[in-house]
Amino acid sequence: MGTGQKRNGLVIPEASQAMYNFKYEMANEVGITNQIQGGYWGHISSRDCGAVGGHMVKRMIEAYEQSLAGQQKPQF
C-alpha cells in the first residue's frame with residue numbers, strides 16, 4: 001500500500017498513544033507479546049493479529065455496555 005492511502009484513521013487523533021498501549025495490553029492477554037520484535041508485527045500470524053483486534057473490540061463493547069448500565073464514562 002502506498003503512502004497516503006490509509007483510510008482507517010482515529011476519530012480523535014489524540015487517542016493514538018492510548019490505542020497503541022491498549023493494543024499491546026491485548027497482545028499480552030493473547031500471549032503474543034514475546035513474538036513482537038521492536039514494534040514489528042510482520043512475524044505474527046493473521047490469526048493472532050485478528051485475536052488482538054477481536055479482544056480490543058470485545059473490551060470496548062463491554063466498557064460501553066457498563067457505561068450504559070451505570071451511566072458512567074467508559075474506561076477503555
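Which longest uninterrupted range of the chain lacks any trypsin sites (Lys or Arg not before Pro) assigned by DSSP to a loop state (not H, G, I, E or B) and surrounded by at most 15 other Cβ atoms within 10 Å?
Longest gap between qualifying sites, sites excluded: 8-76.
The mean sequence distance of close C-alpha pairs (under 8 Å, at least 6 residues apart), as a share of the length of the chain, puts its relative contact order at 23 percent.
Per residue, the chain reaches -18000 deg cm²/dmol at 222 nm when only DSSP H runs of four or more residues are counted, each adding -39500 (n - 2.57). Farthest toward the positive end of the dipole of the range 1-69, out of A69, Q37, M56, is the Cα of Q37, where the dipole comes from beta carbon charges about the Cα centre.
With each label modelled as a point 7 angstrom along the Cα→C-beta vector, the A18-E62 pair spans 1.8 nm.
In a simple Cβ point-charge model (Lys, Arg +1; Asp, Glu -1; nothing else charged), the chain has a dipole of about 220 debye relative to its Cα centre. Identify which of E14, E25, E65 has the largest mean-square fluctuation in a Gaussian network model of the chain, with springs joining Cα atoms closer than 10 Å. Ranking E14, E25, E65 by mean-square fluctuation puts E14 first. When a 1.4 Å probe is rolled over the protein heavy atoms, the share of accessible surface on the chain that falls to carbon and sulfur comes to 52 percent.
Once the 1.4 Å probe is applied to the protein heavy atoms, the chain comes out at 80 Å² accessible per residue.
The values are calculated or read from the model by the stated rules, or taken from the named source; none is laboratory data. As the structure is a prediction and not an experimental result, all values here were calculated from the model. All Cβ positions, glycine included, derive from the backbone under ideal geometry; neighbour counts span all protein chains shown. Just the protein is used for accessible areas: all its heavy atoms, side chains included, with ligands, DNA and RNA removed. Shrake-Rupley method; radii C 1.70, N 1.55, O 1.52, S 1.80 Å.
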